[in-house]
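Chemist: First the structure, then my questions, so here it is.
Just so it is clear, none of the values below were taken in a lab; they were calculated from the coordinates. Please read these numbers as outputs of a predicted model, since none were measured by experiment. Cβ: placed from backbone, ideal geometry, glycine included. Neighbour counts: every protein chain shown.
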2 protein chains.
Amino acid sequence: MINFSEKLHHRWKSNNTLLCVGLDTDLEKIPGSVREEKYPIFSFNKAIIDTTHDLVCAYKPQIAFYSAFGAENQLEMTLQYIRATYPEIPVILDSKRGDIGSTAEMYAIEAFDRYKADAVTVNPYMGGDTLEPFLSRADKGIIVLCKTSNPGSGEIQSILTDDGEEIYKKVAYLSQNRWNLNNNVCLVVGGTYPDELATVRELAPDIPILVPGVGAQGASIKAIVQSGMTDDHAGLIINSSRSVIYASGESDFAEAAGGAAERIRDEINQYR
Amino acid sequence: MINFSEKLHHRWKSNNTLLCVGLDTDLEKIPGSVREEKYPIFSFNKAIIDTTHDLVCAYKPQIAFYSAFGAENQLEMTLQYIRATYPEIPVILDSKRGDIGSTAEMYAIEAFDRYKADAVTVNPYMGGDTLEPFLSRADKGIIVLCKTSNPGSGEIQSILTDDGEEIYKKVAYLSQNRWNLNNNVCLVVGGTYPDELATVRELAPDIPILVPGVGAQGASIKAIVQSGMTDDHAGLIINSSRSVIYASGESDFAEAAGGAAERIRDEINQYR
C-alpha cells in the first residue's frame, strides 16, 4: 500500500506541482445550471477535478461546506470519484478535528474509514495524546495546525512563552520531535505569514507544510515559496480554494478553474 | 425567544441539577436488541432521554460518534426528539469546531441551523476572530475549550507564558474579557483538574463551565463542585457520558441510566 507521504512526494515530482485545490464548494456560489442537478456539489466538484487534475499535488475538501447542509453523501461521492478516476492524487480532508482519545478514535474513523481520505487536518490545542488515534495511522497524513492564515491567529499562537518562543514554534517543535514517530506529520502555516513560515521550515526541515491563504486571503506566492521550500525545492502543499473554483461563475466555470489553477501552479514554479 | 443562558439557568433551578448527560452513543456498546432496530442509535438515545430527562440540566451529544458512521440523521432525530418532548432542556452539540471565518460560518450553520443545538463547543487555538461567527449568535451558547480533561492537556494548555501564566488562563481571560460581548460564552475545564477549575472560576466568576471527566475519566465530584461553583451554588454543567449511558449493557439499560444519573445528581447536590 502506498501511503500519503509517498503519494505526495511522487505527485510533486511526476506533475511538477505544489498546488492543492480546495474543494470548499458553496451551493450559493455555483452556477445556476449546476445548482439544479440532483447532486449539485458533487457535479460541480467533478467538473473542477476533471479540468484541474493534471495541475495539482492534492485536493482538499473542507468538510464544513458539506456538513452544514447535510451533504455528506456528496463529499463521499467526491472522494470516491477522485479515488476511482485519479487514484494517484492524495486527498486531504480539512476538518481540523481534536478531542479526547475515545472521541478522536471516532474522528479518525470518520476521516480514514468513512471518507477514505489520505490525510486529515487536526488541532493541537488538546495535546499530543489526543492526536494519538490519528498519528497511529502510519499510512495517513496528520496535518497539525501550527500558525493559521487568519488575521487573529496570533491571539493564542503568537503568545510568548517563558523561554521567549511563540506557541506556534512549540507546536512545530513537538510535531518535529515528539509526534512524528511514524513520519506522517505535516504542518499548517498560513501563507499570510511568510516570516513564521520560514521559522517553521527551520524547525522542521523536511516536514510537508500545507499553506492556505493564497488567493482570496491575499498571500504572496513568491514569499511562500522562498520561505517554505525544502532543500529539494518541494515540501509545500500550497492551497487555493476560492480563486480557483470560483474563477468564473458562469457555465465556463470548469475551464476557468483549470486556467486559474495553471496560472497559480506556474507562478509557484517560477519561484522554485 | 429564550436563549441558551436563560434555559440553562432556569433548568439549574427548576430541576435542582447540574448534571449533563453525554450522548456519545457507540453502536458496539448498546444492547443487541436495540442494535437490530432501524435507527438503533436514536432508539437508544430516546430510551435514555426518557429515563433521565428530569435529572439533567442539559444533554450533550458528541458528534463524532454519529459522523464516524454516517449516522447524522440519527443525531438530527435525537435533537428533534428532545426539542419536541422536553423543550426546556438545552442541548449542547459537542463538536469542538474551529476554522477561519468563511468556514466557521458553515460550522455555525451546522450546529445551530442544521442540528438546531442550543450551544456548541469550540476550539480557541485559531484566535477570537475565528470564533466570531459563533459568538455573534447571541441566543446560543459558545463553549470554549480552556483546560481539557485528558492526561496530556497540559502539553499546550499549561505552557507558561512570558508573564508567568499558563495558556489556559489566557483563554479564560480572553473569554471573560474580550469574547463575551453577547454574554454567551462558556468554558470547558476538565473535572480531572480541580485546581485549574478553581483558577478559571476566579478569572471568570459568572461564566458557566462545562466539566467533563466524571465517571470513566475518574474526576472527583466533590472537588469539582467545591472548585467550580459560582456564588449562587450553580455555574457548572457537569457531564457524564459513559458511566450513565452504559450503566447496564442489558435490556434494563434505560432504567440503569436513570439510576446512575440520579446517583450522580445527588452526589453533586450533596456538595453544593
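Chemist: Give me the net charge for the shell around B:Gly70: Cβ to Cβ below 13 angstrom, other residues only, Lys and Arg +1, Asp and Glu -1.
Modeler: -4
Chemist: For chain B, place one equal point scatterer on every Cα, skip the solvent, and apply the Debye formula. What is log10 of I(q)/I(0) at q = 0.09, 0.12, 0.15, 0.17 Å⁻¹?
Modeler: -0.38, -0.68, -1.09, -1.40
Chemist: Sorted from shortest, what are the nm distances separating the label point of A:Arg242 from equivalent points in the other copies, each placed 7 Å from Cα along Cα to C-beta?
Modeler: Ordered by increasing distance: 4.2 nm.
Chemist: If you place +1 on the Cβ of every Lys and Arg, -1 on the Cβ of every Asp and Glu, and leave all else neutral, what size is the dipole of the protein assembly as shown about its Cα centre, to the nearest 20 Debye?
Modeler: Dipole about the Cα centre, nearest 20: 300 debye.
Chemist: Then there is this: Over the range B:4-270, what is the relative contact order in percent, taking alpha-carbon pairs closer than 8 angstrom and at least six residues apart?
Modeler: Numbers: 500 pairs, mean separation 56.5, N = 267.
Computed over the range B:4-270, the figure is 21 percent.
Chemist: Mind checking which of A:Thr192, B:Tyr59, A:Tyr271 is farthest towards the positive end of the protein assembly as shown's charge dipole, using Cβ charges of +1 (Lys, Arg) and -1 (Asp, Glu) about the Cα centre?
Modeler: The listed residue farthest towards the positive side: B:Tyr59.
Chemist: Counting DSSP beta bridges in the protein assembly as shown, what percent are antiparallel, to the nearest 5? Mind showing how you got there, number by number?
Modeler: Working: 3 of 57 bridges.
So the antiparallel bridges in the protein assembly as shown amount to around 5 percent.
Chemist: Which order results if B:Tyr125, A:Tyr115 are arranged by neighbouring Cβ count within 10 Å, fewest first?
Modeler: So the residues, fewest neighbours to most, are A:Tyr115, B:Tyr125.
Chemist: Given only helices, namely DSSP H runs of n ≥ 4 each adding -39500 (n - 2.57), what is the per-residue ellipticity at 222 nm of chain B, to the nearest 500 deg cm²/dmol?
Modeler: Using -39500 (n - 2.57) per qualifying helix, the result is -12000 deg cm²/dmol.
Chemist: Taking the alpha-carbon centroid of each part, what is the distance from the range B:63-115 to the range A:189-259 in angstrom?
Modeler: Spelled out, the Cα-based centre of one part sits 32 Å from the other.
Chemist: How would B:Leu160, B:Leu18, A:Leu174 line up from fewest to most surrounding beta-carbon atoms within 10 angstrom?
Modeler: Ascending number of Cβ neighbours within 10 Å: B:Leu160, A:Leu174, B:Leu18.
Chemist: Can you work out the FRET efficiency for the pair B:Lys29 and B:Asp50, with r the C-beta to C-beta distance and R0 = 30 Å, to the nearest 0.05?
Modeler: Once the sixth-power term is evaluated, E becomes 0.95.
Chemist: So for the range A:4-270: antiparallel DSSP bridges make up what percent, rounded to the nearest 5?
Modeler: Bridges in the range A:4-270 are about 5 percent antiparallel.
Chemist: For the residues B:Ser240, A:Ser5, B:Ser248, what sequence is obtained by ranking on other C-beta atoms within 10 Å, fewest first?
Modeler: B:Ser248, A:Ser5, B:Ser240
Chemist: Right, next: Who wins for biggest fluctuation among A:Ser33, A:Ser149, A:Ser220 in a Gaussian network model of chain A, springs between alpha carbons below 10 Å?
Modeler: A:Ser33
Chemist: Please give the charge dipole size of the range A:4-270, origin at the Cα centre, charges +1 on K and R Cβ atoms and -1 on D and E Cβ atoms. Round to the nearest 20 debye. Present the calculation step by step, with values, prior to reporting the outcome.
Modeler: On the way: 24 positive and 37 negative charges, 49 e Å.
Once rounded to the nearest 20, the dipole reads 240 debye.
Chemist: In addition: Which distances, shortest first and in nm, link A:Tyr86 to the matching position in the other copies, using label points set 7 Å out along Cα to C-beta?
Modeler: The answer, with the shortest distance listed first, is 4.9 nm.
Chemist: Okay, next question. Going 7 Å from the Cα of A:Ala216 along its beta-carbon direction, which residues of the range A:238-272 have the amide nitrogen within less than 15 Å of the resulting point?
Modeler: A:239-249
Chemist: Per residue of A:129-136, how many C-beta atoms from partner chains lie within 10 Å of its own C-beta, taken as a mean? If you can, show how the numbers build up before the last one.
Modeler: Values: counts 5, 7, 2, 1, 0, 0, 0, 0.
So the per-residue partner count for this stretch is 2.
Chemist: Net charge near B:Phe134, counting Lys/Arg +1 and Asp/Glu -1 over other residues with Cβ under 13 Å of its Cβ?
Modeler: Around B:Phe134, the charge tally is -4.
Chemist: Determine the relative contact order of the range B:85-140: mean sequence separation of Cα pairs under 8 Å and six or more apart, normalised by residue count, in whole percent.
Modeler: Relative contact order for the range B:85-140 comes out at 43 percent.
Chemist: What's the angle, to the nearest 10 degrees (0 to 90), between helix A:253-270's Cα axis and the longest principal axis of chain A?
Modeler: On a 0 to 90 degree scale, this one is about 40.
Chemist: Determine the sum of side-chain charges near A:Asn3: Lys and Arg each +1, Asp and Glu each -1, restricted to other residues whose C-beta is under 9 angstrom from that of A:Asn3. Mind dumping the intermediate values first?
Modeler: Working: positive: A:Lys7, A:Lys140; negative: A:Glu6, A:Asp118, A:Asp139.
Here the count lands on -1.
Chemist: Can I ask one more? Using a label point 7 Å beyond Cα on the Cα-Cβ vector, give me the inter-copy distances for A:Thr161 in nanometres, one decimal, shortest first.
Modeler: Reported distances to equivalent positions: 1.5 nm.
Chemist: Further, regarding this structure: For the range B:17-77, what does the equivalent ellipsoid look like in terms of its semi-axes, each the square root of 5 times an eigenvalue of the Cα gyration tensor, given largest first in whole Å?
Modeler: Values: eigenvalues 80, 37, 17 Å².
Working through the eigenvalues yields semi-axes of 20, 14, 9 Å.
Chemist: Diagonalise the Cα gyration tensor of the range A:197-252 and give the resulting equivalent ellipsoid semi-axes, square root of 5 times each eigenvalue, largest first, whole Å.
Modeler: In descending order, the three semi-axes are 27, 10, 8 Å.
Chemist: Express in % the proportion of alpha carbon pairs of the protein assembly as shown at distances exceeding 46 Å.
Modeler: Every Cα pair in the protein assembly as shown considered, those over 46 Å come to 12 percent.
Chemist: Output the Cα-based Rg and Dmax of the range A:84-125 in Å, rounding Rg to one decimal and Dmax to a whole number.
Modeler: 11.3, 37
Chemist: Here are some pairs, A:Lys46/A:Lys140; A:Lys7/A:Lys29; A:Lys222/B:Lys96; A:Lys147/B:Lys147; A:Lys116/B:Lys96; A:Lys147/B:Lys116; which of them have Cα atoms lying more than 27 Å apart in this structure?
Modeler: A:Lys7/A:Lys29; A:Lys222/B:Lys96; A:Lys147/B:Lys116
Chemist: On to the next question. Point me to the residue of chain A whose C-beta lies closest to the A-onto-B rotation axis, rounding the distance to whole angstrom.
Modeler: A:Tyr125, 2
Chemist: Now, a different point. Quick check: convex hull over the Cα atoms of the range A:48-178, volume per residue in Å³, rounded to an integer?
Modeler: 138 Å³
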